[in-house]
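Okay, structure first, notes after.
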Amino acid sequence: MEIIYTDNNATTKVADEVIEEMLPYFGELYGNPSSMHTFGDQVDKKIKQARLRVADLINADPDEIIFTSCGTESDNAAINAALNAFPDKKHIITSNVEHPAINKLYQHLRETKGYEVTFVPVDKKGCLNLDLLYNSMSDNTAIISLMWANNETGVMFPIEEIAKIANEKGILFHTDAVQAAGKIAIDVKKAGVDMLSLSGHKIHAPKGVGVLYVKKGFKFSPFLIGGHQEKGRRGGTENTVSIIGLGKACELARENLTVMNTKVRELRDYLQSQLLEKIPGSSVNGDLALRLPNTLSIGFDAVEGESILLMLDREGICASSGSACTSGSLEPSHVLMAMEVPFKSAHGSIRFSLSHYNTKEEMDIIITTLVPVIQKLRDMSPFWKDGKMV
Ligand SMILES: Cc1ncc(COP(=O)(O)O)c(C=O)c1O
């Protein structure tokens with residue numbers, strides 16, 4: 001069965017060009033980039049090229065780039081460094097729709113280290129309450145950390161505007177740009193952020209490699225203490241092959257930004273409008289305008305997201321519950337709950353997240369598959385009668 005992959009916010013296919021770039025470094029070019037000899041030095045040169053390519057994607061300087069093992073590590077390292085830099089400040093600001101890489105860490109810091117954490121709420125469209133955000137900033141705030149774009153709904157926060165206020169107040173600002181990278185243009189200088197996290201596997205590089213951008217001048221304390229790698233900011237022999245792959249992926253992401261904002265956006269909009277038109281009792285989660293071009297979180301009244309996914313899976317269609325009901329719990333995701341999405345559609349929400357590999361034919365297959373799937377599930381649902389929710 002041909003697979004239709006629309007779960008790119010979970011992970012992406014490693015691009016063929018990326019695999020090609022990495023292959024020699026799995027095989028004959030296995031030197032350690034820290035070695036003095038020419039054999040190791042050629043790997044070091046390739047890592048330097050990767051660093052430059054990553055920096056180019058976000059308009060950073062190459063020595064502001066620290067390679068990590070994933071987005072989660074980048075997020076944790078950023079927060080850790082901020083709190084170390086300001087040991088007397090005990091307040092942290094974030095939103096209530098962050099990824100667990102941020103919100104679980106903050107819960108941990110609150111419970112074990114006594115930090116006061118403000119989880120700024122979002123409105124029904126997933127947009128941040130900026131008044132509450134600005135009012136919660138104080139002299140005691142060590143760091144503000146907000147995601148650039150939400151992984152479930154694709155809703156983007158006004159990072160540039162918030163960073164400006166944070167800078168004026170002298171508060172460090174970190175953004176988790178794991179979902180934004182490769183989908184929208186990112187310019188760290190223009191945005192004015194102090195730290196920014198990326199993850200390789202969301203942009204067609206392999207899993208197990210990430211990036212933390214740290215603005216020049218910030219006294220960054222290492223999360224992993226060890227060797228001199230990454231200028232002493234992250235000890236440990238580099239994941240050379242994946243870093244080289246990530247460099248290539250960043251170069252491709254830069255080239256593909258226009259495709260993402262034309263072809264991919266059009267495919268997403270086509271899928272969205274067709275599903276809304278053909279399936280009554282369906283609604284989109286999140287602000288329609290302030291959204292990543294590839295993401296569609298859509299709720300269907302009176303059905304279970306998990307059941308929809310299982311039935312799509314049988315037809316080779318990979319999507320995600322988006323509402324990611326945590327196993328063992330029937331609660332919809334914290335993101336949809338924070339947006340006060342009505343329970344009936346939060347429960348039946350699924351997420352399609354596209355890439356430039358998707359086609360119009362695939363969208364048509366999803367539409368023609370999903371319409372009868374929802375009908376069938378509603379026929380069995382006690383909450384659906386005579387074409388409407390009861
Ligand atoms: C917004 C966001 N932040 C952080 C992460 C964690 O990234 P990684 O899987 O590389 O640890 C993810 C992954 O889904 C994400 O969507």
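With both labels modelled 7 Å from their Cα along Cα-to-Cβ, the residue 380 to residue 37 distance reads 6.3 nm. Ranked from largest, the principal axis spans of the Cα set of the chain equal 73, 53, 36 Å.
Please report the spacing between the Cα centers of the range 343-390 and the range 155-203 in Å, no decimals. First find each Cα centre; the distance between them is then 33 Å.
May I ask you to derive the FRET efficiency for residue 218 and residue 388 from their Cβ-Cβ distance with R0 = 51 Å, giving the value to the nearest 0.05? Don't jump to the answer; show the numbers that get you there.
Numbers: r = 55 Å, r/R0 = 1.09.
In this case the efficiency is close to 0.40.
Counting only Cβ charges, +1 for Lys and Arg and -1 for Asp and Glu, the dipole size of the chain around its Cα centre is about 520 debye. The modelled label-to-label distance for the pair residue 26/residue 45, using points 7 Å beyond Cα in the direction of Cβ, is 2.4 nm.
Could you tell me the ratio Rg/Rh of the range 148-258? Both radii from Cα atoms, Rh via Kirkwood.
Answer for the range 148-258: 0.98.
Once C-alpha pairs closer than 8 Å and six or more residues apart are averaged by separation and normalised to the residue number of the range 239-374, the relative contact order reads 30 percent.
The stretch between residue 123 and residue 289 holds 58.3 nm of extra length on full extension. This uses 0.36 nm per residue minus the Cα-Cα distance. Taken about its Cα centre, the range 34-159 carries a charge dipole of about 200 debye when Lys and Arg each add +1 at the Cβ and Asp and Glu each add -1 at the Cβ. Taking label points 7 Å from Cα along the Cα-to-Cβ direction, residue 85 and residue 189 give a separation of 1.9 nm. Principal-axis analysis of the Cα atoms of the chain puts helix 16-26 at an angle of about 40° to the longest axis. Sequence-ordered 3J(HN,Hα) estimates for the range 201-210 from the Karplus curve with 6.51, -1.76 and 1.60 and θ = phi - 60° stand at 6, 8, 10, 6, 9, x, 6, x, 9, x Hz, glycine and proline given as x. Per-residue 3J(HN,Hα) values for the range 213-227, derived from phi via the Karplus relation 6.51 cos²θ - 1.76 cosθ + 1.60 with θ = phi - 60°, read 7, 10, 4, 3, x, 7, 7, 7, 9, x, 7, 9, 9, x, x Hz in sequence order (x marks Gly and Pro). With neighbours defined as other Cβ atoms within 10 Å of a residue's Cβ, the residues 16, 56, 287 order from fewest to most as 16, 56, 287.
Note on the range 21-132: semi-axes of the ellipsoid equivalent to its C-alpha gyration tensor, largest first and rounded to whole Å, are 38, 17, 13.
The simple Förster model, with R0 at 41 Å and r as the Cβ-Cβ distance, assigns residue 368 and residue 337 a FRET efficiency of 0.80. In plain terms, the residue of 30, 115 with the fewest other Cβ atoms within 10 Å comes first and the most crowded comes last, giving 30, 115.
Dipole orientation for the range 57-189: of the candidates 146, 100, 159, 100 has the Cα lying most toward the positive pole (charges on Cβ; Lys, Arg +1; Asp, Glu -1).
List, in the order given, every pair from 113/231; 263/376; 48/215; 13/48; 360/385 whose Cα-Cα distance in the structure shown is over 21 Å.
Details: 113/231 29 Å; 263/376 32 Å; 48/215 18 Å; 13/48 24 Å; 360/385 33 Å.
With Cα atoms farther than 21 Å apart: 113/231; 263/376; 13/48; 360/385.
Each DSSP beta bridge with both residues in the range 16-253 is either parallel or antiparallel, and the antiparallel ones are about 40%. Sorting 204, 108, 228 from the fewest to the most surrounding beta carbons within 10 angstrom yields 228, 108, 204.
The mean sequence separation of alpha-carbon pairs under 8 Å and at least six residues apart, normalised by the residue count of the range 16-253, gives a relative contact order of 28 percent.
Coordinate-derived values only; no laboratory data. On a predicted model such as this, the values are computed, not experimentally measured, just so you know. Positions of Cβ are backbone-derived with ideal geometry, glycine not excepted, and every protein chain shown enters the neighbour counts.
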